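Please treat every number below as a calculation from the coordinates, not as lab data. Note that the structure is predicted; figures quoted are calculated from it, not measured. So basically every Cβ, Gly included, is an ideal-geometry build from the backbone, and we count neighbours across all protein chains shown.
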Amino acid sequence: MSDEAAQPIAARPSKSKPGKAQSKEPVGLGGWLILPLLHVAALLGLKLYAVVQVLWDYQSLIAIAAGATDQLAAMRLPAALSLFAALLVIIPAAAGLYAMLVLSLRAPRIMFAFYLASFAAAGLEGSARTMMAQILDERVGSFAKDSIANTIMCSVAGIVYFSRSRRVANTFGPRKQELENEVSNTFS
C-alpha cells in the first residue's frame, strides 16, 4: 500500500497544483482529532442506549411520576435531572459528530457547545446521583464520582484542543475550501 493510500482523503496532498510547495501542516480527521470523534460517537451511543433503557422500562417511570410512596415521589426530581442530562448531551453530540464528519466550518463551535453541555450534564447527573443515594440511604460510589470527574476533565481538554489545535484550524478553518477542492479533484 502506498503512503498516499494510507492517508485520509482530506489529508492527501493536492495533485492539481504541481508547481506549488506542499504544506506539511496537519489536516483532516486524523491525529489527535480522531479522539474527540471517537469520544463523541461512543458517548452518543451510550446516552442513546441509556435513554432507550429508561423508556423501555416505562412502568418504573410511571410509578415514579405517580409517586405511590414517599420514596417514589422523592425520586421524581433525580429521575428528571438524569433524563434531562442525557438529552442535554445527545443533541450537541449528534450535531458535533455530523459536523466533524462533513468537515463543517461550524464543527469547532458545535464541539464547544457539546463540551459545555457535557460539563453541565455531569453536574446535573452528579446532583441526581447524590439525591438518589440520599433517598435510598446509600453512598454515592467512587465510580460515579470518577465518571463525573472524567467528564469534566474531558470537557476542559476538548475545549482547549478545539480552540488551540493547528489540525482543527486547518481542517475546519479557512483551508476547508481547499480541502473540498482536493477531495473533489481526487474523485473527479
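The table for this structure:
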| item | result |
| --- | --- |
| Stretch gain in nm, segment Ala157-Leu87, where the contour uses 0.36 nm per residue and the Cα spacing is subtracted | 23.0 nm |
| Förster radius 22 Å - calculated FRET efficiency between Ala120 and Ala42, Cβ distance, rounded to 0.05 | 0.70 |
| R0 of 22 Å, Cβ-Cβ distance Arg106-Ala133: FRET efficiency to nearest 0.05 | 0.05 |
| Potential extension, Arg164-Val52 segment - 0.36 nm per residue separation minus Cα distance | 36.7 nm |
| Inter-centroid distance (Cα atoms) of region 116-173 relative to region 65-106, Å | 13 |
| Dipole magnitude of region 38-175 about its Cα centre (Cβ charges: Lys, Arg +1; Asp, Glu -1), debye to nearest 20 | 880 |
